[in-house]
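S.K.: Let me begin by handing over the structure; questions about it come next.
The values are calculated or read from the model by the stated rules, or taken from the named source; none is laboratory data. Since the structure is predicted, the reported quantities are computational estimates derived from the model, not experimental observations. Cβ coordinates were reconstructed from backbone atoms using ideal geometry, including for glycine residues, and neighbour counts include every protein chain displayed. The accessibility values were calculated without ligands, DNA or RNA, using every heavy atom of the protein model including side chains. Shrake-Rupley method; radii C 1.70, N 1.55, O 1.52, S 1.80 Å.
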Amino acid sequence: MPAPNVEIERRFLPVALPAELHRYPAVEIWQGYLSARGGPVTVRLRRYGAETILTLKAGMRGLAQTEVEVPLAPDQFEALWPHTRGQRVHKTRHRIPLAEGWTADVDVYHGALADHVVAEVEFDSEPQARAFRPPDWLGPEVTTDVRYRAHALAVQGWPTEA
């Protein structure tokens, strides 16, 4: 069984994207959630290019969360995928290099979430995450707003601002 990781990230709503976004490395991602109703643990299936993975995430608030990823055979993924109906997202992830060696994973959503974009930057430690100064184009930070996590978007759609 794979050991759990601690994922440390900050999340943003980009106000602009690089003019030639297509020039950056990108991969198509399909995610479906087996458990995503706002509890402390989510279980997702992900097809990331040709990879198929089951992921458990716990501690879904703030900068850090526990993450355990288990590779799945394609037939295992296909057997579980129907159970994610109504709890899915489809996106293209662009990897955009930032200053100081960081990378922004910019997710451009498709389907019901088309034209919406969320960017994440992952860090090695919480002090690094706190010290990070995002470029202006990354826009407002939504790290602690659970409405912008992929599992919430899959279940509830794009948040409407009050």
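S.K.: For region 52-76, what are the residues that are surrounded by 15 or more Cβ atoms within 10 Å (Cβ to Cβ), outside any loop (DSSP other than H, G, I, E, B) and not charged (D, E, K, R)? Give the steps one after another, and end with the answer.
M.R.: If we filter region 52-76 for residues that are surrounded by 15 or more Cβ atoms within 10 Å (Cβ to Cβ), which is where we start, we get 52-57, 60, 63-65, 67-69, 72.
Cutting the leftovers down to outside any loop (DSSP other than H, G, I, E, B) gives us 52-57, 64-65, 67-69.
Hits for region 52-76 are T52, I53, L54, T55, L56, A64, Q65, V68.
S.K.: State all residues of region 77-124 that are under 21 Å from Q65 (Cβ atoms), among the hydrophobic types (A, V, I, L, M, F, W, C) and assigned to a strand (DSSP E or B); if no residue qualifies, say none.
M.R.: Selection gives V89, A104, V106, V118, A119, V121, F123.
S.K.: Which members of region 77-93 meet the condition of being under 18 Å from E28 (Cα atoms), among the hydrophobic types (A, V, I, L, M, F, W, C) and open to solvent by 20 Å² or more (accessible area, probe 1.4 Å)?
M.R.: W81
S.K.: Could you tell me whether any residue of region 49-72 is among the basic types (K, R) and modelled with pLDDT of 95 or more?
M.R.: As a first pass, look at region 49-72 and keep what is among the basic types (K, R): 57, 61.
After this cut, where a residue has to be modelled with pLDDT of 95 or more as well, the list is none.
Checked region 49-72: no residue is among the basic types (K, R) and modelled with pLDDT of 95 or more.
S.K.: I'm trying to understand the selection: among the residues of region 56-84, which are in contact (Cβ under 8 Å) with a residue 40 or more places away in the chain and of a type in the set (D, E, K, R)?
M.R.: K57, R61, E67, E69
S.K.: Continuing with the same structure: Would you mind telling me which numbered condition in (1) farther than 19 Å from W158 by Cβ; (2) modelled with pLDDT under 95 A16 fails?
M.R.: All conditions pass for A16, except number (1).
S.K.: Moving on to the next point. When both residues are 6+ apart or on different chains and their Cβ atoms are under 8 Å apart, which pairs have a first residue that lies in region 95-121 and is touching a residue at least 12 places away in the same chain (Cβ under 8 Å), and a second that is among the β-branched types (V, I, T) and in a loop (DSSP other than H, G, I, E, B)?
M.R.: Taking only residues 6 or more apart or on different chains, the pairs are V118/V142.
S.K.: Mind listing whichever residues of region 125-137 are assigned to a helix (DSSP H, G or I) and either touching a helix residue (DSSP H, G or I) at 6+ places or on another chain (Cβ under 7 Å) or within 15 Å of E9 (Cα to Cα) (or both)?
M.R.: So in region 125-137, the residues assigned to a helix (DSSP H, G or I) come out as 126-131, 136-137.
E126, P127, Q128, A129, R130, A131 - these are the residues of region 125-137 that are assigned to a helix (DSSP H, G or I) and either touching a helix residue (DSSP H, G or I) at 6+ places or on another chain (Cβ under 7 Å) or within 15 Å of E9 (Cα to Cα) (or both).
S.K.: Separate question: Given the structure, is H151 within 16 Å of A16 (Cβ to Cβ) and under 14 Å from the mean Cα position of the chain (by Cα)? Let's see the steps before the verdict.
M.R.: Numbers: within 16 Å of A16 (Cβ to Cβ): no; under 14 Å from the mean Cα position of the chain (by Cα): yes.
When the stated conditions are applied, H151 does not pass them.
S.K.: Same structure again: So which of A114, A104, A129 ends up being on the phi < 0 side of the Ramachandran plot, open to solvent by less than 70 Å² (accessible area, probe 1.4 Å) and under 15 Å from the mean Cα position of the chain (by Cα)? Lay out the reasoning, then the answer.
M.R.: Working: A114 fails: under 15 Å from the mean Cα position of the chain (by Cα); A129 fails: under 15 Å from the mean Cα position of the chain (by Cα).
Residue meeting the stated conditions: A104.
S.K.: Further question on the same structure: Taking the criterion of being assigned to a strand (DSSP E or B) and within 15 Å of the chain's Cα centre (by Cα), would at least one residue in region 138-146 satisfy it?
M.R.: We begin by selecting, within region 138-146, every residue assigned to a strand (DSSP E or B); these are 141.
In the following step, the residues that additionally are within 15 Å of the chain's Cα centre (by Cα) were identified as 141.
Looking for residues that are assigned to a strand (DSSP E or B) and within 15 Å of the chain's Cα centre (by Cα), one finds at least one in region 138-146, hence yes.
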